[in-house]
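Participant: Below are the structure tokens for one structure; questions will follow.
The values are calculated or read from the model by the stated rules, or taken from the named source; none is laboratory data. Please read these numbers as outputs of a predicted model, since none were measured by experiment. Here Cβ is always computed from backbone atoms with ideal geometry, including for glycine, and neighbour counts include all displayed protein chains.
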Amino acid sequence: MSSEVETRSTLLLRHVPRLRSGRMGMVASALLPALHATHAGIWLAHADGTTAQIGRGAALSQLSATPTIILNAPLVAARLGMPELSGLDLLELFAFAHPARFAVPTPGGLARALELMPPDEESAAAAFLQQAAGAMLATLGDADWPERGGAWTSAQSLSRMRWPWAALVGPRIARPSEAEAWLFSKLPQWEEAPQRPQPLPIRLDSEEAVAALERLTGPGAEVRAGQRDYAAAASRVFDPRMAQGQPHMLLAEAGTGIGKTLGYLAPAALWADRAQGPVWISTYTKALQRQLSAETARLFPDPAERRAKVVIRKGRENYLCLLNLEDALQGGFQGRAAILAQLVARWAAYSRDGDMVGGDLPGWLPSLFRRAGATALTDRRGECIHAGCPHYRRCFIERSAKASEQADLVIANHALVMTAAARRAEAGESLDRLIFDEGHHVFDAADSTFAAILSGQEAIELRRWIIGPESKARGRRRGLAARLLDVASYDEEGARAIEQAREAATLLPSDGWLGRLAEEMPLGPIEKLLAQVRTAVYARANAADAGYGLETHASELEAPLVEAAAVAAEALESLMRPLARLRQRLQAVLEDAPDWLDAAARARVDGAIYGIAHRTQILGAWVSLLTRLGGPTDPDFVDWLAVDRVEGREYDIGLHRRWLDPTRPLAEVVLKPAHGLIVTSATLTSSGDWPVAEARSGAIHLDRDAMRFSVPSPFDYAAQSEVLIVTDIKRGDLPALAGAYARLIEASDGGALGLFTAIQRLRAVHARIADRLARAGLPLYAQHVDPIDTGTLVDIFRDEPRASLLGTDALRDGVDVPGDSLRLVVLEGVPWPRPTVLHAARRAAGGGSAYDERLVKARLAQGFGRLIRRAGDRGLFVLLSAATPSRLLDAFPPGVPISRLSLEEAVVRVQQRLSHGAAFGQKAATEALTGRV
């Protein structure tokens, strides 16, 4: 440990004896200074209670010399222009005192979480940090503290790690009279349950679905005709299927505000109850998953019943792995990472489901530790040993999977649903009833799910899965031989297959492969192939692309690359063969079960069979990709070579294959095996184009026509909103672009969402305007700039009405911020698609410029959709693009006033409509029409 941290701990320990009487928490806060830093300035609350504004140099001196209370150390470091700094971070104290609780990581958000009075201005925030520290420290001594369990044991461990808060936390927690139950013994165990029978064939009456909806909305709720019609239409997909491969499919476009969530939940829950079968509800964003989970409280008010009836499913990489956590707690993590492990352990004991990404783990907690992040605590390498794990019966991942088998409603994401459907299709099963919400993303999800990527990163992960640890790198990696040790000792042929697979895997890239390629010293056939790919890409790349990812068509390739591909394909086939034999041997072990094969061992072997089958399938796709290089192109696929880079730094190299139309495998694997499904969205048809919706959902590949349903939004967009097209911002003029953003945000008094098509421009604009806006009391946050995860950035934006947020595609349709917090959307320009190899192929097949325009209209509609989320919302959508074609403007709802005007006029319009609380009346809308395109 550094001497700097030792000095701080010593200073804190000197204070401890003085804190043992009276209001210990409040006294402790007064003993310690607190620092608050924003783009507007830096304030220091001294130990004597006075507050002063200070400069950057004084702040750095303060933080280096004295234990100082701060809020969000990485963000404070960014504000001070430092790579990192340390201090008494209140967020770490909150994570210890209130694990699995929500708090927006700002002074105001923390105040609300602690039920304190928020500071009324930035200059008062530093003193508030002292107050918040005192309140949390006082809580630790409260006899009614609900999160006391395990706290004393955790505090002792954190003290040994010299956690900055340990000297203040430890004395406040009384030692329990009996040894505390360890985390892993406290977690509940899941129980085995019999497989559910096939759902009963029932038919819902549309009036029953509407009645179920009325029960959900309550007797005093406003009657929404559109929502009732939606529920009635949705009920038809639950009818018994008439022929195999011909599901009842509904394409449903429901404008924002219709209430489509309850519209499909009502018949879904009714069918699940009567038919005794599950309904899988799929989303594209984690935000909608959280919203759906909250809405199910209407269906099942009792929490215990809701936990049994509703399950959220995510990929394994989202959940805490208890074995990884145990390794981390027992010395696998060092330094700051070890502190993170202790705080995650505190959270795990109180977590609802162990979900580390979008669950009840605060999104800001991993970001506090930067490089010592939480990814090593999840199962990201497919290394799970299943029943061989001592925590198998308490595993969060297994608990979620087992619970979903008995649940009525399973809430998942598109990628997981498609993967689960593919796995069931291999076993001759299906997901019978499916609802794809955010259905305009089904095409994109299928595009990723059914893709093939042979890259260095993908290949090295496969090597690690087979071989296991080859270095002293942190983390638990168990190779195939270790996971199947008992099988290998029992079955000689199986043991031989494991060893042959291990030997063949040494031909895959190993640690340091990127450096060897840069030095032109590749090892093995796959690295040599990737070296040829790298050479080809750089030879063909456009010089204007310097600094970012590069790609080129996988056609007209030079002979050395084609030859390297043939050798690489042979190497991959040499790995496929022993894996296929091993899978056969494992299946034989299950069929002729030895005495030692109990239920736990059987589950582990089952898991190994699935893992081998999945990876063999990937290897097959790689071989297929390689064998076609140098030959005629396959019209069903698009192949290209790529060097992935971030700001000029290479991080992966590989060959890519995508389906030209990914809804073809989607239809075969997911849609046709189903009995009924809904694909729904507010922007499903791209301005009423049903053939587009049918094509991008896969409905065109079914033998039975999909049903159609459409209902417009109930909002009065003409009165509540307006579109402004600014005509005097020259494309490429960065100073003018930044000035436009600043002036528009100032005119709206914050509450702005700025959307960019390039991270580089986002960062440049943020750097130019953040200080200016902060001095006006308008906080500005940004993706790819602030060291905060996207979900937390949206939480902050939602919580602070005068804050603004800059972001990219992830915020264009993944943000639900109703009310005054989002009253202005500013788009830097027309969101034309990037001219990639894949896009060029689909553009040629999809109608040329008409294909581009459909994509742009969808993006404009999604961006506009962030603006009006509730009946009382109002706002403006500003497009900074003089050359916006008029033919794109039907992307916006009918009746929305659209004006072309100068920036000066736009600023005045925004100020008139938003800054002073002016309402969008009919007169205002009529006046706006005078400038309408």
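Participant: In the range 487-501, how many are over 38 Å from the mean Cα position of the chain (by Cα) and modelled with pLDDT under 85?
Facilitator: 4
Participant: Out of the residues in the range 809-831 that are among the β-branched types (V, I, T) and modelled with pLDDT of 90 or more, state the one that is surrounded by the fewest Cβ atoms within 10 Å (Cβ to Cβ). It would help to see each step written out before you state the result.
Facilitator: At the first step, the residues of the range 809-831 found to be among the β-branched types (V, I, T) are 815, 817, 825-826, 830.
Of the ones still in play, those that are also modelled with pLDDT of 90 or more are 825-826, 830.
Values: V825: 24, V826: 26, V830: 18.
Result: V830.
Participant: Please determine whether any residue of the range 772-780 is farther than 30 Å from L655 by Cβ and within 25 Å of the chain's Cα centre (by Cα). Steps first, please.
Facilitator: Just the residues of the range 772-780 that are farther than 30 Å from L655 by Cβ, to begin with: 772-780.
From what's left, within 25 Å of the chain's Cα centre (by Cα): 779-780.
The answer is yes; a qualifying residue exists.
Participant: If I filter the range 79-88 for residues that are closer than 20 Å to L793 by Cβ, part of a helix (DSSP H, G or I) and at pLDDT below 95, do I get at least one hit?
Facilitator: yes
Participant: Counting only residues that are farther than 25 Å from D444 by Cβ and not charged (D, E, K, R), which one in the range 401-427 is farthest from the chain's Cα centre (by Cα)? Please lay out each step first, then the result.
Facilitator: Narrowing the range 401-427 to residues farther than 25 Å from D444 by Cβ: 401-403, 405-408, 427.
Now restrict to residues that are not charged (D, E, K, R): 401, 403, 406-407, 427.
Details: A401: 20, A403: 22, Q406: 26, A407: 24, A427: 30 Å.
Only one residue tops the list, namely A427.
Participant: Looking only at the range 101-113, count how many residues are in a helix (DSSP H, G or I) and crowded, with 20+ Cβ neighbours inside 10 Å. Before you say what the answer is, go through the steps one by one.
Facilitator: Step one: list which residues in the range 101-113 are in a helix (DSSP H, G or I), which gives 107-113.
After this cut, where a residue has to be crowded, with 20+ Cβ neighbours inside 10 Å as well, the list is 107, 109-111.
So the answer is 4.
Participant: What number of residues in the range 596-606 are touching a His at 6+ places or on another chain (Cβ under 6 Å) and crowded, with 18+ Cβ neighbours inside 10 Å? It would help to see each step written out before you state the result.
Facilitator: The initial filter retains those residues of the range 596-606 that are touching a His at 6+ places or on another chain (Cβ under 6 Å), namely 603-604.
Applying the additional criterion that residues be crowded, with 18+ Cβ neighbours inside 10 Å yields 604.
Counting residues in the range 596-606 that are touching a His at 6+ places or on another chain (Cβ under 6 Å) and crowded, with 18+ Cβ neighbours inside 10 Å gives 1.
Participant: Name the single residue that is farthest from the chain's Cα centre (by Cα) among those in the range 262-276 being of a type in the set (G, A, S) and within 12 Å of K309 (Cβ to Cβ).
Facilitator: If we filter the range 262-276 for residues that are of a type in the set (G, A, S), which is where we start, we get 263, 266, 268-269, 272, 275.
Add one more test, that the residue is within 12 Å of K309 (Cβ to Cβ), and what stays is 268-269, 272.
On the way: A268: 26, A269: 27, A272: 29 Å.
Restricting to residues being of a type in the set (G, A, S) and within 12 Å of K309 (Cβ to Cβ), the top hit is A272.
Participant: Then there is this: Quick one: in the range 169-188, of everything that is in contact (Cβ under 8 Å) with a residue 40 or more places away in the chain and charged (D, E, K, R), which residue is nearest to L158 (Cα to Cα)?
Facilitator: Among those that are in contact (Cβ under 8 Å) with a residue 40 or more places away in the chain and charged (D, E, K, R), it is R172.
Participant: Taking the range 422-467, which residues are in a helix (DSSP H, G or I), of a type in the set (A, V, I, L, M, F, W, C), in the same structural domain as A695 (by TED's automatic domain parsing) and farther than 25 Å from E295 by Cα?
Facilitator: Start the filter on the range 422-467 by keeping residues that are in a helix (DSSP H, G or I), which leaves 422-426, 439-449, 456-467.
With the extra rule that they be of a type in the set (A, V, I, L, M, F, W, C), the set shrinks to 422, 425, 442-443, 445-446, 459-460, 462, 465-467.
Now restrict to residues that are in the same structural domain as A695 (by TED's automatic domain parsing): 422, 425, 442-443, 445-446.
A422, A425, F443, A446 - these are the residues of the range 422-467 that are in a helix (DSSP H, G or I), of a type in the set (A, V, I, L, M, F, W, C), in the same structural domain as A695 (by TED's automatic domain parsing) and farther than 25 Å from E295 by Cα.
Yes or no, residue by residue, for (1) more than 19 Å from W640 (Cβ to Cβ); (2) assigned by TED's automatic domain parsing to the domain that holds Y490; (3) touching a Leu at 6+ places or on another chain (Cβ under 7 Å):
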site	(1), (2), (3)
P560	no, yes, no
A564	no, yes, yes
A569	no, yes, yes
E573	yes, yes, no
R581	yes, yes, no
A600	yes, yes, no
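Participant: Here is a further query. Which number in (1) more than 30 Å from A387 (Cβ to Cβ); (2) in a helix (DSSP H, G or I); (3) over 25 Å from the mean Cα position of the chain (by Cα) marks the one condition that Q244 misses?
Facilitator: Result: Q244 fails condition (2) only.
Participant: While we're here: Within the group G263, G257, which residue is modelled with pLDDT of 95 or more and more than 30 Å from F369 (Cα to Cα)? Full working, then the answer.
Facilitator: Values: G257 fails: modelled with pLDDT of 95 or more.
It is G263.
Conditions (1) more than 30 Å from E429 (Cα to Cα); (2) among the aromatic types (F, W, Y); (3) surrounded by 14 or more Cβ atoms within 10 Å (Cβ to Cβ); (4) over 36 Å from the mean Cα position of the chain (by Cα), marked per residue:
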residue	(1), (2), (3), (4)
E178	yes, no, no, yes
L183	yes, no, yes, no
A221	yes, no, no, no
A232	no, no, yes, no
